[in-house]
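Trainee: This is the structure, below, for whatever I ask next.
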Amino acid sequence: MIQLNNITKVYKTKNGEFTAVNDVNLSINKGEIFGIIGYSGAGKSTMIRLLNGLEKPTTGSVIVNGEDIAVISGSKLRAARQKISMIFQHFNLLWSRTVEENIAFPLEIAGIPKGERAKRVDELIELVGLSGRGKAYPSQLSGGQKQRVGIARALANNPEVLLCDEATSALDPETTESILELLLDINKRLGLTIVLITHEMHVIRKICHRVAVMEAGKVVEQGAVLSVFQSPQAEITKKFVSQISDSNETKESIEQILSNYPTGKIVRLTFIGQKTEQPIMSQLIKQFNVEVNIVHGTISHTTSGPYGTLIVQIDGEKENVEAALNMLAQHEIQTEVIEHA
Amino acid sequence: MLEQLFPNVNWETMVEAAYQTIYMTSISTVVTFVLGLAIGIVLFLTSPNQVWASKIVNFLTSSIVNIFRSIPFIVLIILLIPVTKLLVGTIRGTNAALPALIIGAAPFYARMVLISLKEIDKGVIEAARSMGAKTSTIIFKVLIPESLPGLLSGITVTAVALVGYTAMAGIIGAGGLGNLAFIEGFQRSRDDVTLMATIIILIIVFIIQWIGDAITALVDKR
């Protein structure tokens, strides 16, 4: 569906050249939700704007829906953009238009006759759950409602691809959840390919099938969300994964346990899929005669199954502890002994 | 009572002068709105990172605007005499004042248009582009509607300034209240005529401002 080949984007600034995207190759399948995560300045905003030609690459090709967005221009590019729509962090609605008129805007651009426009707008308002708010102006809506208008507007011309530019970053946690649910629902119902950029790992966890991690213009890691969560390779990916599994408080308590009980071992266990539902801890205690002290535990749900982390302190005879760790490894549970918090 | 307070006022000439002022102000305001808007949009769209980004066009337009903005209006009227003759066919009378009024006010208004356009959220323009909008669609469906309150309050200020400009148009025989106050009032030491003309100008200015504010409030949905 989307194929990025050897993309480089260089900006000329007063202080010389700046490489925002550096030799990136990506391929995104039809119907999947693909996430690009990175801190600000990593090049992800530029990346997503390459996909609809708001930015043109310095070198490389951007194939979307069989067309090279990097090459086409004028009316051809405008036609392609009607099938690659976009939603934004700050919604970017026209304040001078009502909800209905905002949603009708892309239809006006596409030259849809007035009667049909009204019908389509009604459907879309229904789809995003804004019935009854059609005559309101954006200034009368909450952030979540504004983003729903943004989504309805983006879906107006039945696009093949939806680009989400930090679509939930300006929203509170609860509203974020409901907008993510809506995106997931749209993806399932309409089979839409969604590409999103974010700096929040829980957005990736909640709705993405695959993820690419960007740092300094490069994609440093990519793969299925669950496998990236289970065994992150790059340093930055580990940081992002720990956004979800560990909190700062956990770090503190690990530190405390490490200094209070220097004898035992602190171990981070990562479970995926069915393993999250097995009574492994009690087996461990019965079988090896060790003390297990639970420091921290979480279970998160991703689109392809649950994912859990458990941080425990295992204490006892040295051989017993070793044997216990071996048993865990045999159960295909990722174990990592933590020596420093 | 009015006869006693304003013994020297000839009401017939006063009404005619008021009509001339209103005539000159309204025609020049309408044309200034269109012309200033067009120049302002060109200034905006040719600035860096916009769709028509062009240093040369931007510099030239900006220079012309600045030149005409700095010429004192009274000098502009005289400088424009040949142009006026070509456009209007005469260099005397109410219509002859219009080219100078418009050319004096349009660059001033164009600057205000530019300020309003710059205040539009860049993201909104980007959103329109991402939907596949043409530049003409962006101008008429994004730029103008989204900056309308600013455009309207700008034209209100400009219209009030134009009322003042019409007074100077008296030197080419355009008539109007300002001219009447000067010739009939000041030069013949008839203070009551000057006062009456001023009061009527004041009323016109108040009405313009009131209408401008009301329409601005009506379109502002922010």
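The values are calculated or read from the model by the stated rules, or taken from the named source; none is laboratory data. On a predicted model such as this, the values are computed, not experimentally measured, just so you know. All Cβ positions, even for glycine, are placed from backbone atoms using ideal geometry, and neighbour counts span all protein chains on display. The accessibility values were calculated without ligands, DNA or RNA, using every heavy atom of the protein model including side chains. Shrake-Rupley method; radii C 1.70, N 1.55, O 1.52, S 1.80 Å.
Trainee: So which of B:Lys118, B:Lys55 ends up being more than 21 Å from the chain's Cα centre (by Cα), surrounded by fewer than 17 Cβ atoms within 10 Å (Cβ to Cβ) and away from chain A (no Cβ under 14 Å)?
Mentor: Going through B:Lys118, B:Lys55 in turn, the sole match is B:Lys55.
Trainee: Which of (1) farther than 27 Å from A:Ala170 by Cα; (2) aliphatic (A, V, I, L, M); (3) within 14 Å of another protein chain (Cβ to nearest Cβ) is the odd one out, the single condition A:Ala152 does not satisfy?
Mentor: Here A:Ala152 clears every test but (1).
Trainee: Examine segment A:103-125 for a residue that is within 28 Å of the chain's Cα centre (by Cα) and within 27 Å of A:His199 (Cβ to Cβ), and state whether such a residue exists.
Mentor: The answer is no, given that none of the residues of segment A:103-125 is within 28 Å of the chain's Cα centre (by Cα) and within 27 Å of A:His199 (Cβ to Cβ).
Trainee: Hey, any hits in segment B:86-98 for a residue that's closer than 22 Å to B:Val42 by Cβ and open to solvent by less than 10 Å² (accessible area, probe 1.4 Å)?
Mentor: no
Trainee: Determine whether segment A:126-139 contains at least one residue that is buried (at least 19 other Cβ atoms within 10 Å of the Cβ), more than 10 Å from chain B (Cβ to nearest Cβ) and either free of Cβ contacts under 8 Å to residues at least 12 places away in the same chain or touching a strand residue (DSSP E or B) at 6+ places or on another chain (Cβ under 9 Å) (or both).
Mentor: no
Trainee: Being crowded, with 19+ Cβ neighbours inside 10 Å and either of a type outside the set (Lys, Arg) or not assigned by TED's automatic domain parsing to the domain that holds A:His301 (or both) is true for just one of A:Leu184, A:Leu196. Which residue is that? Lay out the reasoning, then the answer.
Mentor: On the way: A:Leu184 fails: crowded, with 19+ Cβ neighbours inside 10 Å.
Criteria check complete, one pass: A:Leu196.
Trainee: Please determine, by comparing only the residues of segment A:206-260 that are of a type in the set (D, E, K, R) and more than 16 Å from the chain's Cα centre (by Cα), which one is least open to solvent (accessible area, probe 1.4 Å).
Mentor: Across segment A:206-260, the extreme among qualifying residues is A:Asp246.
Trainee: Please enumerate the residues belonging to segment B:197-212 that are touching a residue at least 24 places away in the same chain (Cβ under 8 Å) and either more than 19 Å from B:Phe33 (Cα to Cα) or over 16 Å from the mean Cα position of the chain (by Cα) (or both).
Mentor: Hits for segment B:197-212 are B:Ala197, B:Ile200, B:Ile201.
Conditions tested, residue by residue: (1) within 16 Å of B:Thr29 (Cβ to Cβ); (2) modelled with pLDDT of 90 or more; (3) open to solvent by 70 Å² or more (accessible area, probe 1.4 Å).
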{"position": "B:Leu151", "(1), (2), (3)": "yes, yes, no"}
{"position": "B:Thr158", "(1), (2), (3)": "yes, yes, no"}
{"position": "B:Ala167", "(1), (2), (3)": "yes, no, no"}
{"position": "B:Glu184", "(1), (2), (3)": "no, no, no"}
{"position": "B:Ser189", "(1), (2), (3)": "no, no, yes"}
{"position": "B:Ile201", "(1), (2), (3)": "yes, yes, no"}
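Trainee: Moving on. Mind checking which residues of segment B:174-196 are on the phi > 0 side of the Ramachandran plot and over 20 Å from the mean Cα position of the chain (by Cα)?
Mentor: The one that is on the phi > 0 side of the Ramachandran plot and over 20 Å from the mean Cα position of the chain (by Cα): B:Ser189.
Trainee: Give me the residue from segment B:50-95 that is free of Cβ contacts under 8 Å to residues at least 40 places away in the same chain and outside any helix (DSSP H, G or I) and, out of that set, nearest to B:Thr135 (Cα to Cα).
Mentor: By that ranking, first place goes to B:Gln50.
Trainee: Also: Mind listing just one residue for me: the one in segment A:46-94 that is of a type in the set (Gly, Ala, Ser) and either exposed (fewer than 15 other Cβ atoms within 10 Å of the Cβ) or not assigned by TED's automatic domain parsing to the domain that holds A:Asn6 (or both) and, of those, farthest from A:Leu155 (Cα to Cα)?
Mentor: Filtering first and then ranking leaves A:Ser61.
Trainee: Take the conditions within 19 Å of the chain's Cα centre (by Cα) and either in a helix (DSSP H, G or I) or of a type in the set (S, T, N, Q) (or both) and apply them to B:Pro99. Does it pass?
Mentor: Yes: the conditions hold for B:Pro99.
Here is a yes/no grid of residues against (1) within 10 Å of chain B (Cβ to nearest Cβ); (2) touching a helix residue (DSSP H, G or I) at 6+ places or on another chain (Cβ under 7 Å); (3) of a type outside the set (Asp, Glu); (4) free of Cβ contacts under 8 Å to residues at least 40 places away in the same chain:
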site: A:Ile37; (1), (2), (3), (4): no, yes, yes, no
site: A:Met47; (1), (2), (3), (4): no, no, yes, no
site: A:Asn52; (1), (2), (3), (4): yes, yes, yes, no
site: A:Pro57; (1), (2), (3), (4): no, yes, yes, no
site: A:Ile84; (1), (2), (3), (4): yes, no, yes, no
site: A:Phe88; (1), (2), (3), (4): yes, yes, yes, no
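Trainee: Would you check if A:Glu116 is open to solvent by 70 Å² or more (accessible area, probe 1.4 Å), more than 13 Å from every other protein chain (Cβ to nearest Cβ) and farther than 24 Å from A:Leu183 by Cα?
Mentor: Yes, satisfied.
Trainee: Given the options A:Val121, A:Val99, name the one that is more than 14 Å from chain B (Cβ to nearest Cβ), crowded, with 17+ Cβ neighbours inside 10 Å and over 16 Å from A:Asp185 (Cα atoms). Explain how you work it out, then say what you get.
Mentor: Values: A:Val99 fails: more than 14 Å from chain B (Cβ to nearest Cβ).
Selected residue: A:Val121, the only one of A:Val121, A:Val99 that is more than 14 Å from chain B (Cβ to nearest Cβ), crowded, with 17+ Cβ neighbours inside 10 Å and over 16 Å from A:Asp185 (Cα atoms).
Trainee: Follow-up question, since we're still on this one. Considering each of B:Gly40, B:Gly36 in turn, give the residue that is out of contact with any Phe, Trp or Tyr (no Cβ under 7 Å at 6 or more places or on another chain) and in contact (Cβ under 8 Å) with a residue 40 or more places away in the chain.
Mentor: Numbers: B:Gly36 fails: out of contact with any Phe, Trp or Tyr (no Cβ under 7 Å at 6 or more places or on another chain).
Within the list B:Gly40, B:Gly36, the selection yields B:Gly40.
Trainee: Output yes when any residue across segment B:104-112 is free of Cβ contacts under 8 Å to residues at least 40 places away in the same chain, open to solvent by 60 Å² or more (accessible area, probe 1.4 Å) and hydrophobic (A, V, I, L, M, F, W, C), and no when none is.
Mentor: Just the residues of segment B:104-112 that are free of Cβ contacts under 8 Å to residues at least 40 places away in the same chain, to begin with: none.
No, that holds for no residue.
Trainee: While we're here: Against the condition at positive phi and facing another protein chain (nearest Cβ under 8 Å), how does A:Asn92 come out, does it pass? Before you say what the answer is, go through the steps one by one.
Mentor: Numbers: at positive phi: yes; facing another protein chain (nearest Cβ under 8 Å): yes.
Yes: the conditions hold for A:Asn92.
Trainee: Taking the condition touching a residue at least 40 places away in the same chain (Cβ under 8 Å) and of a type in the set (Lys, Arg), does B:Lys118 pass?
Mentor: Against the criterion (touching a residue at least 40 places away in the same chain (Cβ under 8 Å) and of a type in the set (Lys, Arg)), B:Lys118 qualifies.
Trainee: If A:Gly308 satisfies every condition in (1) over 23 Å from A:Val225 (Cβ atoms); (2) at pLDDT 80 or above but one, which is the exception?
Mentor: All conditions pass for A:Gly308, except number (1).
Trainee: Every residue in segment B:213-222 that is away from chain A (no Cβ under 14 Å), without any contact (Cβ under 8 Å) to a residue 24 or more places away in the chain and of a type in the set (D, E, K, R), please.
Mentor: If the condition is that a residue be away from chain A (no Cβ under 14 Å), without any contact (Cβ under 8 Å) to a residue 24 or more places away in the chain and of a type in the set (D, E, K, R), then no residue fits.
Trainee: Take the conditions open to solvent by less than 60 Å² (accessible area, probe 1.4 Å), of a type in the set (S, T, N, Q) and outside the structural domain of A:Met47 (by TED's automatic domain parsing) and apply them to A:Thr298. Does it pass? Talk me through it step by step, then tell me what you get.
Mentor: Values: open to solvent by less than 60 Å² (accessible area, probe 1.4 Å): yes; of a type in the set (S, T, N, Q): yes; outside the structural domain of A:Met47 (by TED's automatic domain parsing): yes.
Yes.
Trainee: B:Ala133 - would you say it is without any contact (Cβ under 8 Å) to a residue 12 or more places away in the chain and not in a helix (DSSP H, G or I)?
Mentor: So B:Ala133 fits the description; yes.
Trainee: Looking at (1) of a type in the set (A, V, I, L, M); (2) within 14 Å of chain A (Cβ to nearest Cβ); (3) over 29 Å from A:Asn102 (Cα atoms), which is the only condition B:Val142 fails?
Mentor: Only one criterion is unmet by B:Val142, namely (3).
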